[in-house]
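Reading through the structure tokens given below for one structure.
The values are calculated or read from the model by the stated rules, or taken from the named source; none is laboratory data. Every value quoted in this text rests on a predicted model; they were computed, and no experiment measured them. Here Cβ is always computed from backbone atoms with ideal geometry, including for glycine, and neighbour counts include all displayed protein chains. Only protein heavy atoms, including side chains, enter the accessible area calculation; ligands, DNA and RNA are left aside. Shrake-Rupley method; radii C 1.70, N 1.55, O 1.52, S 1.80 Å.
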Amino acid sequence: MNNCESEEIVEAANIAISNLLPTKSRSLYDIAYNRFKKWCAEKNIGLILGIAGACRTDELVNLTVDDIEDVGSSLIIKIPNTKTMIPRIFVVTDVGNLLELFRKYLSLRPPHVKHKRLFLYYKAGKCSSQPVGKNTMGKIPSVVASYLKLPDVACYTGHCLRRSSATLLADADVDITTIKRHAGWKSTAVAEGYVENSIENKAKIANQVLKEQYTPFGLYTACPVGIADGAAYTYNPKSVMNNGHQETTPMQMERPVYQIEDLNRDTLYQKPYSSVASRCRKLCRSVRPVACLKQTVPLLEMVARLQLEEELCERRHQRIDRGDYAHTSSDRISGMAYGLLGNVPPVVGIYMAFFPVLIYFIFGTSRHVSMGTFAIVCLMTGKVVSQYTTIEILQNGTERVLPTEDQRSDHPTYIVQVATTVTFTVAIIQLAMYILRLGMVSQLLSETLVNGFTCASAFHVVSSQLKDLLGLSIQKRRGNFSFIYTLYDTALDLPHANTNVLAISCVACIILASNNELLKPRLAKITRIPFPIELVAVVTGTVVSYCLDLGPVYGVSVVGNIPKGLPEPALPAFELIPSIFLDSFVITMVSYTITMSMALIFARKLMYEVDSNQELLALGLSNTFGSFFSSMPITASLSRSMIQQAVGGVTQIASVVSCSILLVILLWVGPFFETLPRCVLASIIVVALKGMILQFTSIVRYWRLSKWDAVVWLVTFGTTLFVQIGYGLAAGVAVSLISIFIQGYKPYTCLLGVVPNTDLYLDIKRYKAAREIDGIKIFHYSGGLSFASATSFKQLLVRKTGFDAAAVLRRRVKMQEKGRQDDEEFLTKCLMLDFSGLTFVDPTGVEFLRNLQADYEKLGISMYVAGCSGPVFEVMVRCDKVEKKEQEIQNIPHRSRRSIIRSGEYPK
């Protein structure tokens, strides 16, 4: 512990450390020790010996006052828990006033300290009760000296002599077996490392730390060298770069080179493991019936927290009669327009906003999304309806048999019956996804894909409304290229357009657009409650049509028969499910993706969580209930949800208020809207789709962000618009997966170079200050290494390093067969594969690395794998064990790469 020049301290420490050696090695140790002591004298290094010489750092940290027995003339130090599981006992004699200092240290120990750890922190002129940690153990001698008020505090430091003795034995040319037995190591590689770390390397380290060093705390003279565990810690006063920025003072560290097997053993690495029984026990303990019930039925959680009463009061204070009535009456009643998109009676749009919403109120986790009609989902449902319907109900309530050229069922099916069958099939798919916990499957549809899909679908919606907007008598097209055919039919029939319908559509569109562009922004500065322009349009259109008798007199198509009261429950046409399953699956994916996207937007904005799997359950049950009451599949609407949140809605109670108003409309007010012109509803739809239609401008942003995203958008948009909606979604998913595969197949690779005066290794192409190290190639690889990417990996490696080891070996064999010799000498002596970015490796990849290492060894080039993660290393070890391979891939930790580079020595 003391840096005095007393020969007695040196001799006492010599006796103590020599007890570590086997009997046969002590004579060799004496020779090595004398050489080391002579070298220290020549270098003006004070030899620092003591307790630390007999212990590892972690053993010294855990040393307690009970482990040291004072027998008067000496101290008996007991180390009960060692890394080798073999207890050790050491004797320190009373030399150089050591026992007196130890007794003084114990007498000054604070009485309030409850633990028995020996070494305590010394702060602000007094001893604290906090024990010293492993990272600061090297400062303990100077801390203790300060606490004991000894002179020349800076002359006290620590030196782990246990491992230094291994180096001394190596200097004395002791065999590897003796060194391993002396230190208790099982690995030959560790012992060989200390042979390499001989007295010459000790001299190099000592010369570095003997000079005046700068620390972040000021200037000091490092006369006593602090060396622990064979590593020298120094501070470099030079700045990294002087490029006009503030200079920094980095810390550098040098230590022996580790093989990763030795590092794992020394750091007690263990692969995480849990048995089936423990996992089952953990699963059983995690089951809480009450919590599970509340999670399945979120309404119970809200009631349990008394939120229901609070929200009802809040809704009352927020003037439901003005805010929610404006929102509900306008948007929910305009749902009749979306009924037209589904080729069903307009009243179905009101049914969708009533029956399924009540179920979502009970099971949904999103507090702000407004469930009901959505243009694209209604359009996709309408495509199925028009394809499988055999009986149509006209506006006057009469039935008409439709042609059956594409009919796949022998049973007659009504329009609403087909729509409810689609709803039921969508519900079954959603419930199956909930059972299988596939809530995250919506992530297959990226934001880019959804943007392109909804934009193209908006054009389909507009084209489907051209018939009602212009008063044309054209047949609805279905199948591939329906959008082009619809535009063609519209252009041919445009001279026969109804001018009265055209005038009403123009007036309605101008009024609606003026409200959205001019009135709404100004009104938003005054109040959160939007003006119910859709309600005004519906009521005005109905009144004008009724007063002027627009239907019979002017040939304006009107909504027609709207039944009073609630619909009777009816079963879907189950025989149609196999035929419509594929279309229903596409509708399911679109509906769920849009709903989850909107739910997550509000959840992130208002700081709460939504459960993706619970949303599947809520949608599945809602659609199941709605399928028995003449409803199409429901989806969240962004416009209605934004209005609901803007007027103060904070839970789904706002939807319940909406349903109560819709109930009044269904029971008594519904027939009032029978004279409503269909062109008014079509105008509401077209104006509402302005935002989606303008999404085509986002292709510019996607092109700037990522060319792959732009390709996904263009393929999805083009296929959806010009071919068919279902094919567009499938094409978008396919291109997205292909882009992911291609980008993963060609990973990022580069050669690394070092920035002068730093430990930074950077891409030499991107960082011009980085310099390659002579004789060393550092190849960085980010990605996976498998049977599919091994060839690509080799091509990239050859391209970066400039030569192919296998090709060189083949050329040498051919030259030897011709009696010639290849005298080519490579400047590269070491190849390091930086696998810090390697995500996974399979057995084929491991075998590929073995062959690669063998080829480089034949050329005299050492190959190392650096920085691979734990799972990757475990795969390599498992492959070596199963295949019983003698040749192991040389793995080193990420930091050891720097040690190898500094030393310039590559162990074989």
Checklist entry - Which one of G802, G783, G775 is surrounded by 18 or more Cβ atoms within 10 Å (Cβ to Cβ) and on the phi > 0 side of the Ramachandran plot? => result G783
Checklist outcome for this item: When P677 is run through (1) modelled with pLDDT of 90 or more; (2) over 28 Å from the mean Cα position of the chain (by Cα); (3) open to solvent by 20 Å² or more (accessible area, probe 1.4 Å); (4) not aromatic (F, W, Y), the failure sits at (3)
Item to check | The lone exception for Q652 - which of (1) polar (S, T, N, Q); (2) crowded, with 20+ Cβ neighbours inside 10 Å; (3) closer than 21 Å to V348 by Cβ it fails | outcome: (3)
Item to check | Every residue from the stretch 680-714 that is open to solvent by less than 60 Å² (accessible area, probe 1.4 Å), closer than 30 Å to A353 by Cα and among the small types (G, A, S) | outcome: A682, S683, G691
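Conditions (1) aliphatic (A, V, I, L, M); (2) under 30 Å from R477 (Cα atoms), marked per residue:
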position: W713; (1), (2): no, yes
position: Q724; (1), (2): no, yes
position: G728; (1), (2): no, yes
position: I738; (1), (2): yes, no
position: Y745; (1), (2): no, no
position: L751; (1), (2): yes, no
position: D759; (1), (2): no, no
position: I776; (1), (2): yes, no
position: G783; (1), (2): no, no
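Looking at the stretch 477-491, is at least one residue touching a residue at least 24 places away in the same chain (Cβ under 8 Å) and closer than 30 Å to V544 by Cα?
yes
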Item to check | Matching residues in the stretch 478-494 - criterion: being open to solvent by 70 Å² or more (accessible area, probe 1.4 Å), touching a Phe, Trp or Tyr at 6+ places or on another chain (Cβ under 7 Å) and of a type outside the set (A, V, I, L, M) | outcome: F481
Item to check | Among (1) of a type in the set (V, I, T); (2) surrounded by fewer than 18 Cβ atoms within 10 Å (Cβ to Cβ); (3) at pLDDT below 90 - the single one I738 does not satisfy | outcome: (3)
Checklist entry - Is there a residue being assigned to a loop (DSSP other than H, G, I, E, B), in contact with a strand residue (DSSP E or B) (Cβ under 8 Å, 6 or more places away or on another chain), closer than 24 Å to Y434 by Cα and modelled with pLDDT of 85 or more anywhere in the stretch 631-653? => result yes
Checklist entry - What is the residue count in the stretch 558-580 for residues that are farther than 19 Å from P677 by Cα and either among the aliphatic types (A, V, I, L, M) or within 50 Å of the chain's Cα centre (by Cα) (or both)? => result 15
Checklist entry - Taking the stretch 281-308, which residues are of a type in the set (A, V, I, L, M, F, W, C), part of a helix (DSSP H, G or I) and either under 28 Å from V875 (Cα atoms) or modelled with pLDDT of 75 or more (or both)? => result L283, C284, V290, A291, C292, L293, L299, L300
Checklist entry - Which one is nearest to V507 (Cα to Cα) among residues in the stretch 466-477 that are assigned to a loop (DSSP other than H, G, I, E, B), open to solvent by 30 Å² or more (accessible area, probe 1.4 Å) and out of contact with any Phe, Trp or Tyr (no Cβ under 9 Å at 6 or more places or on another chain)? => result S473
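Taking Q816 as the residue in question, decide whether it is out of contact with any Cys (no Cβ under 9 Å at 6 or more places or on another chain), of a type in the set (S, T, N, Q), assigned to a helix (DSSP H, G or I) and closer than 28 Å to G783 by Cα.
Considered against the rule, which asks whether it is out of contact with any Cys (no Cβ under 9 Å at 6 or more places or on another chain), of a type in the set (S, T, N, Q), assigned to a helix (DSSP H, G or I) and closer than 28 Å to G783 by Cα, Q816 comes out as no.
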Next on the checklist: Need the failing condition index for L512 against (1) touching an Asp or Glu at 6+ places or on another chain (Cβ under 8 Å); (2) within 30 Å of Q417 (Cβ to Cβ), just the number.
Outcome noted: (2)
Item to check | Single condition P141 does not satisfy, out of (1) closer than 16 Å to V61 by Cβ; (2) modelled with pLDDT under 75; (3) out of contact with any Asp or Glu (no Cβ under 8 Å at 6 or more places or on another chain); (4) open to solvent by 40 Å² or more (accessible area, probe 1.4 Å) | outcome: (4)
Next on the checklist: Scan the stretch 509-518 and tell me whether some residue there is open to solvent by less than 30 Å² (accessible area, probe 1.4 Å), in a helix (DSSP H, G or I) and either among the aromatic types (F, W, Y) or in contact with a Leu (Cβ under 6 Å, 6 or more places away or on another chain) (or both).
Outcome noted: no
Checklist entry - Which one is modelled with the lowest pLDDT, of the residues in the stretch 829-848 that are open to solvent by 10 Å² or more (accessible area, probe 1.4 Å) and more than 24 Å from the chain's Cα centre (by Cα)? => result K829
Item to check | Any pair with Cβ under 6 angstrom, 6 or more apart, that starts in the stretch 775-801 at a residue that is more than 12 Å from L852 (Cβ to Cβ) and ends at one that is open to solvent by less than 10 Å² (accessible area, probe 1.4 Å) | outcome: I776/C830; K777/L831; I778/M832; I778/D834; H780/C750; H780/D834; S786/G845; K800/F779
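Quick grid of which residues meet (1) open to solvent by less than 80 Å² (accessible area, probe 1.4 Å); (2) hydrophobic (A, V, I, L, M, F, W, C); (3) more than 30 Å from T624 (Cα to Cα):
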{"site": "R528", "(1), (2), (3)": "no, no, yes"}
{"site": "V536", "(1), (2), (3)": "yes, yes, yes"}
{"site": "L548", "(1), (2), (3)": "no, yes, yes"}
{"site": "F574", "(1), (2), (3)": "no, yes, no"}
Next on the checklist: So, R878, is that one open to solvent by 20 Å² or more (accessible area, probe 1.4 Å), at pLDDT below 75, of a type outside the set (G, A, S) and in a helix (DSSP H, G or I) or not?
Outcome noted: no
Next on the checklist: I'd like to know if the stretch 849-859 contains one or more residues that are modelled with pLDDT of 90 or more, open to solvent by 10 Å² or more (accessible area, probe 1.4 Å), touching a Cys at 6+ places or on another chain (Cβ under 9 Å) and acidic (D, E).
Outcome noted: no
Checklist entry - Among the listed residues I594, I653, I665, which satisfies the condition of being in contact (Cβ under 8 Å) with a residue 60 or more places away in the chain and touching a helix residue (DSSP H, G or I) at 6+ places or on another chain (Cβ under 6 Å)? => result I653
Item to check | Conditions (1) open to solvent by 80 Å² or more (accessible area, probe 1.4 Å); (2) at pLDDT below 85; (3) of a type outside the set (D, E); number of the one not met by A524 | outcome: (1)
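Listed here are the residues, each with its yes/no results for (1) hydroxyl-bearing (S, T, Y); (2) touching a strand residue (DSSP E or B) at 6+ places or on another chain (Cβ under 7 Å); (3) part of a helix (DSSP H, G or I); (4) more than 30 Å from K794 (Cβ to Cβ).
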position: F672; (1), (2), (3), (4): no, no, yes, yes
position: C679; (1), (2), (3), (4): no, no, yes, yes
position: V711; (1), (2), (3), (4): no, no, yes, no
position: L721; (1), (2), (3), (4): no, no, yes, yes
position: A731; (1), (2), (3), (4): no, no, yes, yes
position: L737; (1), (2), (3), (4): no, no, yes, no
position: N757; (1), (2), (3), (4): no, no, no, yes
position: L762; (1), (2), (3), (4): no, yes, no, no
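Only one of S329, S278 is of a type in the set (G, A, S), at pLDDT below 80 and in a helix (DSSP H, G or I); which?
S329
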